[in-house]
Amino acid sequence: MASEDELWALVADESQGVLATVARDGRPQLSNVLYLADPRNRVVRISTTAGRVKARNLARDPRAAGGGRSSDLPGRGWPETRPAEPAPA
């Protein structure tokens, strides 16, 4: 089993993923995203604007999950299930 540092290295080597947020009606809403991972601080940052569905969903309900692909692990992704913490505007 990979260590947490090894998993973060996999995440940091990529920049594309999928962000899942909770829609107003409770269903998952998926968005393709570009991201920047900061393994040292255990943070994945995405860029969006306030008018986007993902931003509105996160403002209302900060629960989110993300997934990505690793070229080192074909067919396998990485999970992120901590609540999202929007950056200050």
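The values are calculated or read from the model by the stated rules, or taken from the named source; none is laboratory data. Just so it is clear, the structure is predicted and the values come from calculations on it, not from any experiment. With ideal geometry, Cβ positions are generated from the backbone for all residues, glycine too; neighbour counts draw on all protein chains shown.
Details
- Residue satisfying all of: in the range 68-78; modelled with pLDDT of 60 or more and surrounded by 16 or more Cβ atoms within 10 Å (Cβ to Cβ); nearest to the chain's Cα centre (by Cα) among these: Gly68
- When we screen Val22, Val11, Val33 for residues that are touching a Phe, Trp or Tyr at 6+ places or on another chain (Cβ under 7 Å) and either at pLDDT 90 or above or among the β-branched types (Val, Ile, Thr) (or both), the only hit is Val11.
- Per-region count, the range 20-37, residues in contact (Cβ under 8 Å) with a residue 24 or more places away in the chain and touching a strand residue (DSSP E or B) at 6+ places or on another chain (Cβ under 9 Å): 8
- Meets criteria (in contact with a Ser or Thr (Cβ under 8 Å, 6 or more places away or on another chain), at pLDDT 90 or above and surrounded by fewer than 15 Cβ atoms within 10 Å (Cβ to Cβ)) for Val53: yes
Conditions (1) of a type in the set (S, T, N, Q); (2) in contact with a Lys or Arg (Cβ under 6 Å, 6 or more places away or on another chain); (3) surrounded by 11 or more Cβ atoms within 10 Å (Cβ to Cβ), marked per residue:
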residue: Glu4; (1), (2), (3): no, no, no
residue: Gln16; (1), (2), (3): yes, no, no
residue: Leu36; (1), (2), (3): no, yes, yes
residue: Val43; (1), (2), (3): no, no, yes
residue: Thr48; (1), (2), (3): yes, yes, yes
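- Unique match (being over 15 Å from the mean Cα position of the chain (by Cα), at pLDDT below 90, hydrophobic (A, V, I, L, M, F, W, C) and part of a loop (DSSP other than H, G, I, E, B)) among Ala84, Ala2: Ala2
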